[in-house]
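Here the structure is laid out as structure tokens; the discussion comes afterwards.
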Amino acid sequence: MISPAAIRNIMHNHGISCRKSLGQNFLIDNNIIHKIIASAELTKSDLVVEIGPGLGALTTEIAHKAGKVIAVEVDRGLLAALSEILTGPQNVEMILGDALKTDFDRLVGKSTGGEYGSTGKKYKLMANLPYYITSPILMHLLLGRFNISIVVIMLQAEVAERLAAAPGSKAYGALSLAVQYFAKPEILFRVPRTVFYPKPGVDSAVVRLMVRPEPGAVVRDENMLFNVIRSAFGKRRKTLLNSLTGSALGIDRETCLSSLKKAGIDPGRRAETLSLAEFACLTNSIMGVNS
Ligand code: SAM
């Protein structure tokens, strides 16, 4: 663990400073670090990809428990500092790169000679995510269909609620459905803002996503499913009939009504009441597929 004074010192020595624009809030609490590490149930046969190692608060502990760590950091200055800090463990590979543009299977496959990656074994992903790109990173990880078994991430508490939300709740929306289509999310514990330096403006939570071997619903066209979900939540307070008619889906009121009926969904319901299975059924119905 590194204290705020040590962080300031390291940054000063490297002529760098905390970049708010890159979501740089460093963990400074050992208990939380250990709780996060324990959540991934690491063994020496695990390969872990870490996004945004920063100054290595999690990296060092992951390296102790896992077989290998591949850490992807976008900030060149931080990476230089990290390579000086991480002189102990020999099983950490540091990569300068943008997580949003990284093909993780390719990276892992290349680093392990194909032992892990798309045609090899599954790997784990861990991160104290930079808050400014939480959702894009999550969607990149899931839509990329990388060969990942579990994801353990820290993110804003409010976003964590959205990931794990069930139909009918206020937090339930397009993000909940997209994530739950690919994975089973579970909020493990909340983390106060006081365990970071600099202190962020929001509290956080640690979430574990068990990536599903098969998606959580059967649809003919995945993109269409996400379009239907986005359109339905586009006008959240309206009935499904009104939100879907005249939306980007380009379907008229009559088609919308008959699709809803065929899917056995009351046109007067609102998006937030529909389960993933019902959205899948509606999507297939709009596409003229009997399900
Ligand atoms: N893991 C460290 C910790 O827990 O103390 C730092 C976490 S800090 C919240 C987020 C880290 O992600 C920073 O090191 C930041 O530079 C890095 N980062 C930001 N955007 C990134 C991106 N697009 N790709 C990879 N790393 C990124």
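The values are calculated or read from the model by the stated rules, or taken from the named source; none is laboratory data. Owing to the predicted nature of the structure, the values given are computational and were not obtained by experimental measurement. Virtual Cβ from ideal backbone geometry, glycine too; neighbours counted across all protein chains shown. Accessible surface areas use protein heavy atoms only, side chains included; no ligands, DNA or RNA. Shrake-Rupley method; radii C 1.70, N 1.55, O 1.52, S 1.80 Å.
For segment 198-217, which positions are farther than 20 Å from residue 141 by Cα and open to solvent by 60 Å² or more (accessible area, probe 1.4 Å)?
199, 201, 202 - these are the residues of segment 198-217 that are farther than 20 Å from residue 141 by Cα and open to solvent by 60 Å² or more (accessible area, probe 1.4 Å).
May I ask you to list the residues in segment 63-80 that are surrounded by 22 or more Cβ atoms within 10 Å (Cβ to Cβ), among the aliphatic types (A, V, I, L, M) and more than 10 Å from the ligand (Cβ to nearest atom)?
Answer for segment 63-80, where residues must be surrounded by 22 or more Cβ atoms within 10 Å (Cβ to Cβ), among the aliphatic types (A, V, I, L, M) and more than 10 Å from the ligand (Cβ to nearest atom): 63, 66, 69, 70.
Each row is one residue, and each column tells you yes or no for (1) open to solvent by less than 70 Å² (accessible area, probe 1.4 Å); (2) assigned to a helix (DSSP H, G or I); (3) modelled with pLDDT under 95; (4) within 13 Å of the ligand (Cβ to nearest atom).
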residue	(1), (2), (3), (4)
18	yes, no, yes, yes
32	yes, yes, no, yes
38	yes, yes, no, no
41	no, no, no, no
55	yes, no, no, yes
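Scan segment 139-168 for residues that are open to solvent by 40 Å² or more (accessible area, probe 1.4 Å) and more than 15 Å from the ligand (Cβ to nearest atom) and jot them down.
Result: 143, 145, 158, 161, 162, 164, 166, 167, 168.
Please specify each residue of segment 239-255 satisfying the condition of being assigned to a loop (DSSP other than H, G, I, E, B), among the aliphatic types (A, V, I, L, M) and more than 27 Å from residue 182 (Cβ to Cβ).
Listed by number, the list is empty, since nothing qualifies.
Hey, among the residues in segment 2-16 that are assigned to a helix (DSSP H, G or I) and of a type in the set (S, T, N, Q), which one's nearest to the ligand (Cβ to nearest atom)?
Within segment 2-16, the match that is nearest to the ligand (Cβ to nearest atom) is 9.
Condition first: open to solvent by less than 70 Å² (accessible area, probe 1.4 Å) and at pLDDT below 95. Now tell me which residues in segment 223-241 satisfy that.
Passing the criteria: only 234.
Could you tell me whether segment 54-63 includes any residue that is hydroxyl-bearing (Ser, Thr, Tyr) and over 21 Å from the mean Cα position of the chain (by Cα)?
For segment 54-63, residues hydroxyl-bearing (Ser, Thr, Tyr) and over 21 Å from the mean Cα position of the chain (by Cα): present.
Against the condition within 12 Å of the ligand (Cβ to nearest atom), open to solvent by 10 Å² or more (accessible area, probe 1.4 Å) and among the hydroxyl-bearing types (Ser, Thr, Tyr), how does residue 60 come out, does it pass?
Yes; evaluated as a whole, the condition is true for this residue.
So which pairs qualify, if the first residue must be in segment 133-156 and assigned by TED's automatic domain parsing to the domain that holds residue 25, the second must be away from the ligand (no atom under 12 Å from the Cβ) and modelled with pLDDT under 95, the Cβ gap must be under 6 Å, and the two must be at least 6 apart or on different chains?
Here the result reads none, with nothing in segment 133-156 linked to a residue that is away from the ligand (no atom under 12 Å from the Cβ) and modelled with pLDDT under 95.
Name the pairs: first residue in segment 206-218 and in contact (Cβ under 8 Å) with a residue 12 or more places away in the chain, second residue in a loop (DSSP other than H, G, I, E, B) and surrounded by 19 or more Cβ atoms within 10 Å (Cβ to Cβ), Cβ to Cβ under 7 Å, at least 6 apart or on different chains?
none
Answer yes or no: is there a residue in segment 124-138 that is in a strand (DSSP E or B), in contact with an Asp or Glu (Cβ under 8 Å, 6 or more places away or on another chain), open to solvent by less than 30 Å² (accessible area, probe 1.4 Å) and within 11 Å of the ligand (Cβ to nearest atom).
yes
Among what's in segment 86-118 and is part of a helix (DSSP H, G or I) and touching a residue at least 40 places away in the same chain (Cβ under 8 Å), pick the residue that is farthest from the ligand (Cβ to nearest atom).
Once the filter is applied, the top-ranked residue is 112.
Pick out, from segment 142-238, the strands (runs of 3 or more DSSP E) lying fully within it that include 3 or more residues that are hydrophobic (A, V, I, L, M, F, W, C) and more than 30 Å from residue 4 (Cβ to Cβ).
Passing ranges, in order: 204-211.
Pull out all pairs, ordered by first then second residue, where Cβ-Cβ is under 7 Å, the residues are six or more apart or on different chains, the first lies in segment 31-46 and is within 18 Å of residue 195 (Cα to Cα), and the second is among the aliphatic types (A, V, I, L, M) and open to solvent by 70 Å² or more (accessible area, probe 1.4 Å).
The qualifying pairs are 33/1.
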